[in-house]
Amino acid sequence: MHIVDRRSAPWLLAGAIGWAGIAWIGVQLAGMSPSRAGDDLRLLLDAAARLARSETLYQAPAAGTLVADSLFYSYPPLIAEALQPLLRLPFALVLVAWSASAALGLLVAARTIGGGGRSLLLLAWGIGPFIVPFAVALLFGNMDAWFPLAFGLLLAAFLRPGRGSIAAGGVALAAITAAKLHPASLGVWLLARALRGRDAVAARCVLAVAAATGLGLLGLSLAIGGTGPWVDYLAFLRSGAAIANLLSPLNVGPASQLGLLLGLSEAGARTLQVGIAVVALGVTALASLRLRDPVESLAWALTATLVILPVTWVHYPVALIPPALAALDRRWQAATPTRVTLLLGGALLAGAAAVVVPVAIWLGVACVLAAARVSRPAEDPAS
């Protein structure tokens with residue numbers, strides 16, 4: 001019996017080359033002066049160190065404004081609290097373990113979405129390192145590198161509902177929401193999904209698990225650090241909303257890009273963002289109620305999470321990797337399998353182009369949304 005067949009070998013080789021390439025780039029970044037490898041993770045650990053010294057987590061900007069493309073700690077206190085045990089370890093070890101675990105999370109998501117089969121896992125191994133936004137998140141130790149795992153487990157709860165998948169999906173959603181906040185809008189998707197349709201029971205159960213887990217995480221944080229850090233956090237959010245400088249070519253969020261295009265002031269961009277957030281929530285609810293297919297419906301809801309907050313970086317759309325994997329997995333059931341493959345290839349190219357032209361990432365998002373739709377099984381009625 002052959003361990004590696006001829007069809008598997010190219011994907012195994014491509015993955016080996018790709019993951020080795022990411023490791024090589026990481027070494028180059030680490031060799032810079034100062035080191036640029038794991039910049040985002042270093043920011044989190046620095047905040048954990050400040051908390052350990054009983055210093056404030058949320059530092060006022062020197063210039064009196066929060067610049068969108070500058071680095072500052074803006075996460076809830078529980079992230080800094082959770083990372084404190086890692087302060088005893090060398091940073092390089094923490095970064096390697098963090099990024100390797102997130103990469104493994106992508107493979108776990110593929111295995112789960114694929115129903116435990118080997119084919120989608122193999123494709124994820126071969127393609128994963130060439131998803132440029134995901135590679136960027138890994139190299140800089142960004143929290144978004146965990147999106148594929150979290151949202152993959154959430155999607156699996158609807159593709160193959162069961163006690164284990166529903167529990168995993170709810171816990172994953174609560175954990176990533178506690179870290180990044182904007183996935184909380186998926187609560188609207190779950191609430192609307194719970195109202196009717198074949199996914200109603202699964203949606204109610206996932207929502208209940210997520211709510212219980214979220215309350216548990218909040219209680220644990222309060223038990224560890226008290227209310228002080230949370231009071232500071234709420235004050236930081238209030239002040240940040242008033243002084244944030246959102247307009248930046250690197251911020252691909254609609255408010256930023258439209259503000260730059262129309263010559264709006266910072267105040268105008270912040271006002272525009274309010275309307276965008278409302279529209280995003282409406283799209284989330286509409287996608288939940290009108291689209292029966294959980295892959296396409298969740299893809300739209302995940303896209304909406306990208307614009308709920310006023311800052312959107314090019315690596316944020318790694319949130320759409322799970323529906324892209326699901327579309328890839330079921331492409332042979334679709335009326336036009338080749339179109340699915342071409343659309344997902346287009347998403348890969350758009351992600352690479354976004355390194356030079358950041359707004360190109362939205363072309364990749366559009367490709368994934370289209371792939372999710374055309375990959376629906378041919379016998380499925382239009383929804």
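Here is how the numbers come out for the structure above:
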read-out	value
Unmet requirement for A319, which otherwise passes all of (1) farther than 17 Å from P129 by Cα; (2) within 16 Å of the chain's Cα centre (by Cα)	(1)
All positions within the stretch 67-84 that are surrounded by fewer than 16 Cβ atoms within 10 Å (Cβ to Cβ) and either modelled with pLDDT of 95 or more or touching a helix residue (DSSP H, G or I) at 6+ places or on another chain (Cβ under 7 Å) (or both)	L71
So L154, is it touching a residue at least 12 places away in the same chain (Cβ under 8 Å), crowded, with 21+ Cβ neighbours inside 10 Å and in a helix (DSSP H, G or I)	yes
Residue list for the stretch 175-211, restricted to those being part of a loop (DSSP other than H, G, I, E, B) and touching a Lys or Arg at 6+ places or on another chain (Cβ under 7 Å)	A194, G197, D199
From A172, A167, A137, residue being more than 20 Å from S101 (Cβ to Cβ), among the hydrophobic types (A, V, I, L, M, F, W, C) and either out of contact with any Gly (no Cβ under 6 Å at 6 or more places or on another chain) or part of a helix (DSSP H, G or I) (or both)	A167
The stretch 209-221 - residue that is in contact with a helix residue (DSSP H, G or I) (Cβ under 7 Å, 6 or more places away or on another chain) and not β-branched (V, I, T) and, of those, surrounded by the most Cβ atoms within 10 Å (Cβ to Cβ)	A210
Total residues in the stretch 140-164, condition more than 13 Å from A102 (Cβ to Cβ) and either in contact with an Asp or Glu (Cβ under 6 Å, 6 or more places away or on another chain) or among the charged types (D, E, K, R) (or both)	3
Residue identified as without any contact (Cβ under 8 Å) to a residue 60 or more places away in the chain, crowded, with 22+ Cβ neighbours inside 10 Å and part of a helix (DSSP H, G or I) among V340, V368	V340
Criterion (within 16 Å of L306 (Cβ to Cβ) and out of contact with any helix residue (DSSP H, G or I) (no Cβ under 8 Å at 6 or more places or on another chain)) met by exactly one of V283, V252, V279, V231	V279
Residues of the stretch 226-271 classified as part of a loop (DSSP other than H, G, I, E, B) and at pLDDT 85 or above, total	12
Residue among V374, V307 that is β-branched (V, I, T), free of Cβ contacts under 8 Å to residues at least 60 places away in the same chain and surrounded by fewer than 20 Cβ atoms within 10 Å (Cβ to Cβ)	V374
Odd one out for A178, checked against (1) under 20 Å from P148 (Cβ atoms); (2) under 21 Å from the mean Cα position of the chain (by Cα); (3) free of Cβ contacts under 8 Å to residues at least 60 places away in the same chain	(3)
Selection within the stretch 205-224 - without any contact (Cβ under 8 Å) to a residue 12 or more places away in the chain and under 23 Å from I308 (Cα atoms)	L215
G162 vs. criteria surrounded by fewer than 17 Cβ atoms within 10 Å (Cβ to Cβ) and at pLDDT below 95	yes
L195 within 20 Å of A304 (Cβ to Cβ), at pLDDT below 95 and not acidic (D, E)	yes
When residues of the stretch 1-51 are limited to those that are among the β-branched types (V, I, T) and not in a helix (DSSP H, G or I), the one surrounded by the most Cβ atoms within 10 Å (Cβ to Cβ)	V4
Tally of residues being over 14 Å from L320 (Cβ atoms) and touching a helix residue (DSSP H, G or I) at 6+ places or on another chain (Cβ under 6 Å) across the stretch 150-175	15
Enumeration of residues in the stretch 285-294 that are assigned to a helix (DSSP H, G or I), within 18 Å of G169 (Cα to Cα) and touching a Ser or Thr at 6+ places or on another chain (Cβ under 7 Å)	S288
Failed item in (1) surrounded by fewer than 23 Cβ atoms within 10 Å (Cβ to Cβ); (2) in contact with a helix residue (DSSP H, G or I) (Cβ under 6 Å, 6 or more places away or on another chain); (3) in contact (Cβ under 8 Å) with a residue 40 or more places away in the chain; (4) farther than 24 Å from D39 by Cα, with A124 passing the rest	(1)
All positions within the stretch 256-278 that are of a type outside the set (G, A, S) and in contact with a Pro (Cβ under 9 Å, 6 or more places away or on another chain)	Q257, L260, R270, L272, Q273, I276
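The values are calculated or read from the model by the stated rules, or taken from the named source; none is laboratory data. Remember, it's a predicted structure, so these values are computed and weren't measured experimentally. Every residue, glycine as well, gets a Cβ built from its backbone with ideal geometry; the counts of neighbours run over all protein chains shown.
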